[in-house]
Amino acid sequence: DAICNFVICNDSSLRSQPIIFNPDFFVEKLRHEKPEVFTELVVSNITRLIDLPGAELAQLMGEEDPKLPGANSTASGFFRSLMSLKRKEKGVVFGSPLTEEGIAQVSQLIEYLHKNLRAEGLFRVPGNSIRQQILKDALNSGTDIDLDSGEFHSNDVATLLKMFLGELPEPLLTHKHFHAHLKIADLTLFDEKGNKTSTPDKERQIEALQLLFLILPAPNRSLLKLLLDLLYQTAKKQDKNKMSAHNLALMFAPHILWPRNVTANDLQENITKLNNGVTFMIKHSQKLFKAPVYIRECARLHYLGSRAHTSKDDLDLLTSSGSKELQPLKSQKRSRLDSCHQEETQQRTEEALKELFLHVHNMPDSAKKKKLIRQFNKHPAALTPGSDVPTSPAPRRARSRSFSGLIKRKVLGTPVILERKSRDSTPEPARVSKENVQLLQKCGSPAHMSQAKLKSLEGQKEGSCRRMRARLLSKDSSSL
């Protein structure tokens, strides 16, 4: 059940071989792991190209049994009876549902015919019936066959290949896809006025067949690819074998596309559409087994999203609406993260400043406390709006590099550039900032003092200090 196998090669001569990359890898992965999602994706794009009524869409999805031409007809001709009797004689390979074992056996016939494409009337001229029966029994029994021994003719092998396809319980393209193929044959171009013309719309037909082949059962799709490759190469040698793509379509359309147990009268006007459809498949077989680019993109995004590297096919793809919406979402998410980061940083800074202000305010009165308060008063911007710690104003003095710089580097995280003032410059009187005044009025100091009262207390302290200094000097002089 594995999609791919990884083999470690120790042979140095093979390591230089080019690596084969499958552009449909994620398409196959999605089909294998999530078939319902894959089918819905493909069918939704098929209905975009062709008009399928409700009943035909249900048949394509496998929800209803397909209603085929001649199914309700009571007439039973000799041809219909003969074909039904032949299909009752089931063997291991012939007449049985398509399996990987049957494909392996039939692939021997296809490989042999690739080497013998020059035989005139290939697939049209019947082979020897006795040799065909011997070859058929050998394939059913699973014995090894040496087709290159010369025992069998290329016409024997070609006829047996058609016989194998004709004895399948249902056509290679399946019954439920029958109506979809009829609609694909009707895809034509439009003129300037929007009216349908008789010119086939080849691009839409190729795209519709690519999608339709994606939802074929895996064995049917594998054998169909082998068969169309063979018919494509046969048509390229039509100057030798006299078999054009249209001639080959006439030989194989009844086996791979016509419903079982029907006659030409049952199909009537649809025969031309079916034959032309098979002709188109043969001519464009090299393009039909590649998934459309938008299917590849959807499958890739399903597994990798934006983490995958852009391939060449993705560059050719027009930017889808989903990818357009991803960019603003990413930018919005990034902006939200940046704003959240800034808010967290600002909040931590405010909390650190609050703790620092509380610590300085609770310090005992000293020269160091006054020095710190002066440093904060010189930078009122350091006070955050959320801070509710009161600070007492002090006269402005020249700043010191040591402790104040340390505070700014530890708390604010930014280097402080101090300007040196000349020695003869006189200190300016203290300027109380508007923010500090508002904070003082809002919170108040421990004693609820005003600015004028604080200044008067500082003056009283300085006067008492001068009186104490005078007394000490007088005592010293008297002792001398």
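See the values below:
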quantity	calculated
Residue within region 371-386 that is at pLDDT 70 or above, open to solvent by 30 Å² or more (accessible area, probe 1.4 Å) and either among the aromatic types (Phe, Trp, Tyr) or in a helix (DSSP H, G or I) (or both) present	yes
Residues that are within 25 Å of Thr39 (Cα to Cα), crowded, with 19+ Cβ neighbours inside 10 Å and touching a residue at least 60 places away in the same chain (Cβ under 8 Å), drawn from region 265-284	Leu274, Gly277, Phe280, Met281
Spans of helices (runs of 4 or more DSSP H) in region 126-190 with at least 2 residues among the hydroxyl-bearing types (Ser, Thr, Tyr) and open to solvent by less than 50 Å² (accessible area, probe 1.4 Å)	154-166
Selection count, region 47-57, where residues are within 17 Å of Leu173 (Cα to Cα) and either open to solvent by 50 Å² or more (accessible area, probe 1.4 Å) or not acidic (Asp, Glu) (or both)	1
Region 98-126: number of residues that are touching an Asp or Glu at 6+ places or on another chain (Cβ under 9 Å) and either among the aromatic types (Phe, Trp, Tyr) or at pLDDT below 90 (or both)	1
Output for region 159-197, where each listed residue is touching a helix residue (DSSP H, G or I) at 6+ places or on another chain (Cβ under 9 Å) and on the phi > 0 side of the Ramachandran plot	Thr174
Filtered residues of region 166-195 (kept if more than 36 Å from the chain's Cα centre (by Cα) and either at pLDDT 95 or above or among the basic types (Lys, Arg) (or both))	Lys193
Residue within region 126-138 that is of a type in the set (A, V, I, L, M, F, W, C) and touching a residue at least 40 places away in the same chain (Cβ under 8 Å) present	no
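The values are calculated or read from the model by the stated rules, or taken from the named source; none is laboratory data. The shown structure was predicted, so the numbers you read here are calculated from the model rather than taken from an experiment. A quick note on method: Cβ atoms are made from the backbone with ideal geometry, for glycine too, and the neighbour counts reach across all protein chains shown. To get the accessible areas, we keep the full protein, side chains included, count just its heavy atoms, and leave off ligands, DNA and RNA. Shrake-Rupley method; radii C 1.70, N 1.55, O 1.52, S 1.80 Å.
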